Every structure is written in C-alpha cells, then in structure tokens.
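J.: Take a look at this one; I'll ask things after.
Derivation of every value follows stated rules applied to the coordinates shown; laboratory data play no part. Just so it is clear, the structure is predicted and the values come from calculations on it, not from any experiment. All Cβ positions, even for glycine, are placed from backbone atoms using ideal geometry, and neighbour counts span all protein chains on display.
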Amino acid sequence: MRIGVVSDTHNNLKNCAKIVELFNEASVERVVHTGDITQAKTVEVLAGLNAPLFGVFGNNDQERRSLIEMMNKFGFSFVDPPFCLNWASRRICVVHDPLEFSMVDESSFDLLLHGHTHRYTHVINDRQLLFNPGECAGLMPGLNAVGLVDLETLEAEVIKF
C-alpha cells in the first residue's frame, strides 16, 4: 500500500489543489495530513482526493468547529495527536509536533509521521521510518513538497512542486 503524506497546508488553496493532483496521479490508497490545515475551505479542496484522508489537528487549527463539520461532511478522520493506525501490517503513529511522540512508545511503531517544523525529515532506525516531507504551503515554486510512503518496504520519496 502506498500512502500520501502532507503537512502544514496552512490554507494555501492553490498548493492544496496541486497536492490533490499529485496524490491522485500517484494513485495513493490513503492520505495522511499531519496537521495545520487551518481553515475549512482547505478541506473542500482536499475533498478532490481519490483516496480517504486521515490526520491530526495542529497548533494552527484554531477553527476547530468548522474544520470538524467539513471533515464530517466528506468522511475524513481527524483527531488530536497522537493518531495510531494499523495499515498493511504496519503500526503508524501520526503527530503534528514531533515533541508529541513523547506521548507514545515510539519503539512500538514502524512509521512515525510528523509535521510542524516545515523541514524535511527522513530517518531510518532499526526498520523504523521517521518522516516529514517538509514545506508544502510556501509561495516559492519548486520548494514545496509532499511525500509518498510504501508501507510494504517503508521506502519514502518526496515530490517537489
């Protein structure tokens, strides 16, 4: 199973439309958002995904009521971090701020996903992957990124746009 990973979209609707296009072209089976959507109108753009969307709320997701209403409308699953998932025989932990990993036993997960820093992170330790694709809400073309993770191999790649 291949999943898409995106973080910190910060209501950049133009970039969100591109993110939807990239994930749909990549035929990901699920998409994980690691927080900071910020506004409900972003959720409407993400509704164009051909895959279900899962994620966590970030520190800039202040409009919680409208976000939850829109997520419910489209059947998206978002929670406060940590979000622990079991997909394709992999244990996955999703947080926004990497400091939130302190709330779980990190060693019990195969894949650790986070956002918040707007910085690319790709660390492999003892058959475990820690991953953040980095910035995706910036205004500079070519410096924005989303990630793809193959859950079978735990290989991750970044798509810049």
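J.: Could you please find all residues in region 109-128 being assigned to a loop (DSSP other than H, G, I, E, B) and touching a residue at least 60 places away in the same chain (Cβ under 8 Å)?
T.: Of everything in region 109-128, those that are assigned to a loop (DSSP other than H, G, I, E, B) and touching a residue at least 60 places away in the same chain (Cβ under 8 Å) turn out to be HIS114, GLY115, HIS116, HIS118.
J.: Identify, from the list PHE161, PHE131, the residue that is buried (at least 16 other Cβ atoms within 10 Å of the Cβ), among the aromatic types (Phe, Trp, Tyr) and in contact (Cβ under 8 Å) with a residue 24 or more places away in the chain.
T.: PHE131
J.: Could you tell me whether any residue of region 105-113 is within 24 Å of ALA47 (Cβ to Cβ), surrounded by 14 or more Cβ atoms within 10 Å (Cβ to Cβ) and in contact with an Asp or Glu (Cβ under 7 Å, 6 or more places away or on another chain)? Even if it seems obvious, please write down each step before you answer.
T.: Of the residues in region 105-113, the ones within 24 Å of ALA47 (Cβ to Cβ) are 113.
Among the residues that remain, those that are also surrounded by 14 or more Cβ atoms within 10 Å (Cβ to Cβ) are: 113.
Pick out the ones that are also in contact with an Asp or Glu (Cβ under 7 Å, 6 or more places away or on another chain) and you get none.
Looking for residues that are within 24 Å of ALA47 (Cβ to Cβ), surrounded by 14 or more Cβ atoms within 10 Å (Cβ to Cβ) and in contact with an Asp or Glu (Cβ under 7 Å, 6 or more places away or on another chain), one finds none in region 105-113, hence no.
J.: Where residues in region 66-95 are aliphatic (A, V, I, L, M) and part of a strand (DSSP E or B), which of them is surrounded by the most Cβ atoms within 10 Å (Cβ to Cβ)?
T.: Checked region 66-95; the qualifying residue surrounded by the most Cβ atoms within 10 Å (Cβ to Cβ) is VAL94.
J.: Restricting attention to region 1-15, and to residues there that are closer than 20 Å to PHE131 by Cβ and in contact with a helix residue (DSSP H, G or I) (Cβ under 7 Å, 6 or more places away or on another chain), which single residue is surrounded by the most Cβ atoms within 10 Å (Cβ to Cβ)? Break it down into steps so the answer makes sense when it comes.
T.: Pass one, region 1-15, residues closer than 20 Å to PHE131 by Cβ: 1-10, 15.
If we keep only those that are in contact with a helix residue (DSSP H, G or I) (Cβ under 7 Å, 6 or more places away or on another chain) too, we end up with 4, 6, 9.
Working: GLY4: 26, VAL6: 30, THR9: 27.
Ranking the candidates gives VAL6 first.
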